[in-house]
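K.L.:
This structure is in structure tokens; I'll ask about it shortly.
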Amino acid sequence: MFGILLSAFNVVLGFVVRSVIAKFFVFFALYLITTEFLQVLVSSGIFPSASQLNSAFAGLPSGVWYFMDIFAISTGISMMISAQVTAFIIRRIPVIG
């Protein structure tokens with residue numbers, strides 16, 4: 001009876017070590033790399049930040065702003081930039097993309 005319990009414990013322990021703990025460290029490393037990589041890209045000026053978008057929209061006349069507000073262009077541009085950056089990052093991760 002003790003041998004069966006010990007064998008079952010070894011199987012469960014092997015599963016936890018091989019799959020759960022290893023995947024946790026791999027995905028944590030991927031998460032950490034992507035978040036730090038994005039901060040470096042935004043701080044270096046390669047990707048635009050929110051302040052750069054605000055300054056770009058500040059120079060528009062009020063007649064253009066009226067139609068941009070109706071169609072929510074400023075929100076749409078922010079969403080498109082976020083989607084493009086996310087797609088770029090996902091394609092660069094060798095395990096996922």
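The values are calculated or read from the model by the stated rules, or taken from the named source; none is laboratory data. Please read all numbers here as calculations on a predicted model, not as lab measurements. When we count neighbours, we look across all protein chains shown, and the Cβ atoms used for this are built from the backbone with ideal geometry, even at glycine. When the accessible area is computed, the model is the full protein with side chains, heavy atoms only, and any ligands, DNA or RNA have been set aside. Shrake-Rupley method; radii C 1.70, N 1.55, O 1.52, S 1.80 Å.
K.L.:
Looking only at region 22-46, filter to residues that are among the aromatic types (Phe, Trp, Tyr) and within 22 Å of residue 84 (Cβ to Cβ); which one of those is most open to solvent (accessible area, probe 1.4 Å)?
P.N.:
31
K.L.:
Looking only at region 1-10, decide whether some residue is modelled with pLDDT under 80 and either open to solvent by 70 Å² or more (accessible area, probe 1.4 Å) or under 23 Å from residue 81 (Cβ atoms) (or both).
P.N.:
yes
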